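Any read-out appearing in this document is the output of simple, stated calculations on the displayed coordinates, not a laboratory observation. Note that the coordinates shown come from a computational prediction; the quantities given were computed from them, not determined experimentally. Note: ideal-geometry Cβ built from the backbone for every residue, glycine included; neighbour counts use all protein chains shown.
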């Protein structure tokens, strides 16, 4: 707190403090050992304005603008306390859900989250994680049909060829396929947590819309971005790329959607505290560190543009409505 100034009496100090509160300046008054009353501003950014108001108050403490301010201040403080109490309830509930209890209990059903996870698990295992040559499931659900070397060459030059032939489901269905069990488990754990929380807060329909929109965006970004985009780098004598965000139409996984949900929660928790979302700092560090690590030569075969574009579009969807407030 910073000292605004002093006033000779308790009545004036309390009246002026109440006036500051009505001006959205958090303040308090206290008596010093010498008997004078000192007014403090809780926020240093409000100090200059508070001092200007004090100078005006000292010129005419009985001005009509200071009449009835004590009652107004009490009303404002009561409303603020009620908002804070409700916010605290929301935060506690979300923190509780964020742990092992997410999705538990009769009022914690997550039909969309669990359905998406179920489809991904079934599709990945039924398709043998893409290890069956020309397997029907992966062939029909990948972004582009490319079962032969000739088709793969065509797909690189025209990633939208299958979609332009009317197979529009391919804009979404790659999110249900995964390259190996670890890939699947990683994405399902995050989907259970992030999707479960958002389905509880937004409702099933909005979550489904968010998943579909971010899946299409991140899949298109990954498929249409040319390969070889990054910083040229020499790794153990071999030329490679640092911060590799090159794309390819040959990708699978729900990671783009997971990063979109993460971006959505991250922005809402930072810029819309009233929503009740809380994201642990450790979660933010893990997700962002993994995002960057995947762009290095240490890990290959990752749809980095899908991750990055998912994060961006999820954050944008959360932030744009806040601009209209």
Exercise for the section: Above 13 angstrom, tally the Cα pairs of region 237-284 and express them as a % of all pairs, no decimals. Expected result: 70
Handout entry: Counting DSSP beta bridges with both ends in region 2-87, the antiparallel % (nearest 5)
Key = 100
Practice task
Kindly state, to the nearest 0.05, the FRET efficiency for residue 229 paired with residue 24, given R0 = 41 Å and r defined as their beta-carbon distance.
Solution key: 0.30
Handout entry: Ranked list, fewest to most other Cβ atoms within 10 Å of each Cβ, for 32, 115, 173
Key = 32, 115, 173
Handout entry: Theoretical ellipticity at 222 nm over the chain - DSSP helices of four or more residues, -39500 (n - 2.57) apiece, nearest 500
Key = -17500 deg cm²/dmol
Fill in the blank from the handout: Rg/Rh of region 2-87 (Cα atoms, Kirkwood Rh), to two decimals, equals 0.98
Problem - Dimensionless Rg/Rh of region 97-242 - Kirkwood Rh, Rg from C-alpha atoms - result: 1.04
Exercise for the section: Return the label of the correct value of Cα Rg over 2.2 N^0.38 Å, as calculated from the structure shown, out of (i) 1.42; (ii) 1.09; (iii) 1.63. Expected result: (i)
Handout entry: Relative contact order of region 2-87, defined on C-alpha pairs under 8 angstrom at six or more residues apart (%)
Key = 34
Practice task
Could you state, as a whole-number percent, how many of the C-alpha pairs of region 184-325 are farther apart than 18 Å?
Solution key: 56
Exercise for the section: May I ask you to derive the relative contact order of the chain, considering only C-alpha pairs under 8 Å and at least 6 residues apart, and to give it as an integer percent? Expected result: 15
Completion exercise
In whole percents, the bins of 5 Å from zero upward hold the Cα-Cα pairs of region 204-261 as 4, 18, 19, 18, 14, 11, 7, 4, 2, 1, 0
Handout entry: 300, 269, 41, 255 arranged by Cβ crowding within 10 Å, fewest neighbours leading
Key = 300, 269, 41, 255
Problem - Ranked 15, 152, criterion: other C-beta atoms within 10 Å, fewest first - result: 152, 15
Fill in the blank from the handout: The distance between the Cα centres of region 252-314 and region 200-247, in whole Å, is 11
Fill in the blank from the handout: So the FRET efficiency between residue 64 and residue 316, C-beta based with R0 = 35 Å and rounded to 0.05, is 0.15
